[in-house]
1. Which members of the range 633-651 meet the condition of being assigned to a loop (DSSP other than H, G, I, E, B) and closer than 20 Å to Glu720 by Cβ?
2. Given the structure, is Val660 in a strand (DSSP E or B) and within 13 Å of Gln635 (Cα to Cα)?
3. Hey, can you tell me all the residues within the range 158-186 that are in a helix (DSSP H, G or I), farther than 27 Å from Ala12 by Cβ and either of a type in the set (Val, Ile, Thr) or at pLDDT 90 or above (or both)?
4. Only residues in the range 610-632 that are assigned to a loop (DSSP other than H, G, I, E, B) count as the first member; pair them with residues that are among the aromatic types (Phe, Trp, Tyr), Cβ under 7 angstrom, at least 6 apart or cross-chain, and list the lot.
5. What do you reckon, is Ala52 assigned to a helix (DSSP H, G or I) and touching a strand residue (DSSP E or B) at 6+ places or on another chain (Cβ under 8 Å)?
6. Pull up the range 629-657, narrow it to residues that are at pLDDT below 80 and surrounded by fewer than 13 Cβ atoms within 10 Å (Cβ to Cβ), then point me to the one that is farthest from the chain's Cα centre (by Cα).
7. Take the conditions in contact with a Pro (Cβ under 7 Å, 6 or more places away or on another chain), part of a helix (DSSP H, G or I) and either among the hydrophobic types (A, V, I, L, M, F, W, C) or modelled with pLDDT under 95 (or both) and apply them to Leu103. Does it pass?
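The values are calculated or read from the model by the stated rules, or taken from the named source; none is laboratory data. Model, not experiment: these values are computed from the prediction. Neighbour counts are summed over all protein chains in view; Cβ atoms, including those assigned to glycine, are modelled from backbone coordinates with ideal geometry.
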Amino acid sequence: MASSTLLRAEMAGGVASALLTLPLSLGFGLFALSPLGEHYTGYGVLAGLYSAIIVPVVAMLLRSRSGLIFAPRSVQSYLINLVVLDLMQSEFYARLPDPEHTLTVIFFVLFLAGILQGAFGAIGAGSLVKYIPSPVIAGFQNAGAILLLWSQLAPILGLTQRLAPGTLLQQLQDTQPLTLAIGVVTCLLMVHAGKLSQRMPAVIIGLAAGLGLYYLFLACGYGARLGPLIGPLAFTMPDMRYLAGFSMFVSEPQWWALLPSMAVWAASLALISSLDVLLCAKVMEGVSQQRQDHNLSLVRLGLGNAVVAALGGISSAISLTSSQANYHAGGRTHFSVLLSTMLILLVALFGTAWITVFPKVVIASMLLVTAWRLFDRWSLQLLKRLLVAGPQHRTSLLLDLFIIVLVTSVALWTSLVTAVGIGLVVSVASFLLHMSQSVIRRSFRGDVLHSRKTRALWQQQLLAAQGRRIVVFELEGAVFFGTAEHLVQQIEHAIADGATVIIVDLKRVTDIDSTGVRFLTQVSEAIVKQGKRLLLSSVDDHSRLSHFLHAMGGTAALPGGHAFVDTDQALEWAEDQLILAELGEVEHRVELPCEQLALFADLSPAEFEVVQRRLSRQVYAKGETVFREGDPGQQLFVIAKGEASVRIHPSGALRDMRLVTFCAGTVFGELALLDANARSASVQADDELVCYVLEYSVFQQLADDYPGIAVTLLRNLGRELSHRLRRANGVISQMET
């Protein structure tokens, strides 16, 4: 794309975002300070304009190069509104001598909140804020929507005073129908005008229609029946008087008692605002497909909000409406943001007269639509799901709805501080409740799921009968004091039910604390005294979890160092011990006679002699490779002694992966008799390996000379493959369930 085209796209994005940011900044500035009354209207307008100009400039000075638009946002304005309400309800409000001192208190709280927000990003806490549960966030969001909606009903109806529940019916009698009509038309167009034009944002169409309708009625002589305008306003450049006033909270003792409340208000603002920033950043990443450094975003916004508060402006955040408009119009970099900021500054400097004649009902309509869109849609989805959910899910859904209603009610009827406190308590309780749920993902016994070691038929039959003595517990999540006790109880129940070997799989464990390690070592010591064993699997020597277990003495407490890199190896060890306990070690030490091998079953002595003459006996040392992946497949191997493992080396893996292990009495390389294709994996001797080898060419000659013998061999081979297939099906079925 040519540079001129890029410049035009950036300019289009800057103009589009400025058209949206300007009225939104005015509206949110008015809303943030609205509890103070009509005589603070001018301060609110200036506070919104300062924020839309100063915060983006600070962010760009801090090397922000994205197309994100920083401007006042509904959530921040709602939180500031609550802070103002809390201040007005406190005993200190009566001591404030004039509006200047009142605003100084408010802006000092915003200044502290900005510093805290920047500190959150500086210490990397941006990733921690996201752990606040969704119901708590939904409660705050719904409270903000309700408060914003309620505060805009009076100007929509043409009333000069805020609606009060106690005198609501009396106030509604003074409704101005023409003002209400303007508000309704403006709202409808802001919601639906997107269907009429794709080139012009619906918000702009609604604002233009509302302005035109208002002044049409005014020209027709209905001025007395219309709501008021914003009124006289003189834009002044920000100065340092509020920053200078901040010193009174340190130097004058009469204000020291207010500092704890201001600190709590500031912390609440910083916490919720930071979460809102992170959520908006994630939304914009989905739009622009560009990753953002969330902690750095918090630092920029925090410092920007601190600066603008010191100069008399309200807090800003990532404006989704303006940022999306900027992106869709072509803005991709900070040049579009710079242009948007300059346009807003020019309007503030030279277009104040246009702002003063802006009808309040039009601004209120825009905020009313914003309030409607601010309602958390997930809350409504929960209600729908509750109607169709089964009994097993209703408890969880009801709990989420209860938290949403609780946080919303507390935020509306008490204070922001109390709501944040309730939200944090609910967050901690929800976290502990979730973390205290069973850490056991699933458990199974060794008679239904086996290791990858392929054993002789009589060994398989033994494991099918006695495998219940092996129990595997797959863990998931964090093993700490809240979950370790339940794990120990389940292990004790398994031991009482006849288990002799317990395998604890740590593959999906995200963390383990010292209490979890202590519980594991204690249960290991207890069951060892009973002649049983506790094994740990998925313990990689290089993992952080393994290092912690070693440092805490967890692996040292296991007899014989029974810690394995995966569950398959732990299962194999347990199966070997079970077989040894039942039959002794004879099968490992003695070479099986050739005639006892399963492949040669059902052959008469004469037929076996014919086959035996055509076999070659091969001996492989421990660790020796029998054949490698890609070698020609010309031989079938029947193991008479020892074990051999089939291995592959996946791309990028640090070590070979074992697919299966074959022991005495089993067959490998059997596909050589069927297709004679190249080997698909490598086979290595695990210990001294003795095999009887049947060459492909020899079998072909045997099939020509003695077809009956060949059929018997193939039937026995088919029986062996059938056993393996059934076993694989059983493993897959068990894993699925």
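1. So in the range 633-651, the residues assigned to a loop (DSSP other than H, G, I, E, B) come out as 633-634, 642-643, 649-651.
Selection gives Gly633, Gln634, Gly642, Glu643.
2. Values: in a strand (DSSP E or B): yes; within 13 Å of Gln635 (Cα to Cα): no.
In short, no.
3. In the first step, residues of the range 158-186 are kept if they are in a helix (DSSP H, G or I); the result is 165-172, 177-186.
Still in the running and farther than 27 Å from Ala12 by Cβ: 165-172, 177-185.
Scanning the range 158-186 gives Thr167, Pro177, Leu178, Thr179, Leu180, Ala181, Ile182, Gly183, Val184, Val185.
4. From the range 610-632, the pairs are Leu615/Tyr692.
5. Working: assigned to a helix (DSSP H, G or I): yes; touching a strand residue (DSSP E or B) at 6+ places or on another chain (Cβ under 8 Å): yes.
Yes, satisfied.
6. First pass over the range 629-657, keeping only residues at pLDDT below 80: 649-657.
Remaining after also requiring surrounded by fewer than 13 Cβ atoms within 10 Å (Cβ to Cβ): 650-655.
Values: Pro650: 30, Ser651: 29, Gly652: 27, Ala653: 27, Leu654: 29, Arg655: 31 Å.
Looking at residues that are at pLDDT below 80 and surrounded by fewer than 13 Cβ atoms within 10 Å (Cβ to Cβ), I get Arg655.
7. Numbers: in contact with a Pro (Cβ under 7 Å, 6 or more places away or on another chain): no; part of a helix (DSSP H, G or I): yes; either among the hydrophobic types (A, V, I, L, M, F, W, C) or modelled with pLDDT under 95 (or both): yes.
So Leu103 fails the test.
Here's the yes/no breakdown for (1) among the small types (Gly, Ala, Ser); (2) in a helix (DSSP H, G or I):
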site: Tyr214; (1), (2): no, yes
site: Phe217; (1), (2): no, yes
site: Met237; (1), (2): no, no
site: Ser273; (1), (2): yes, yes
site: Met284; (1), (2): no, yes
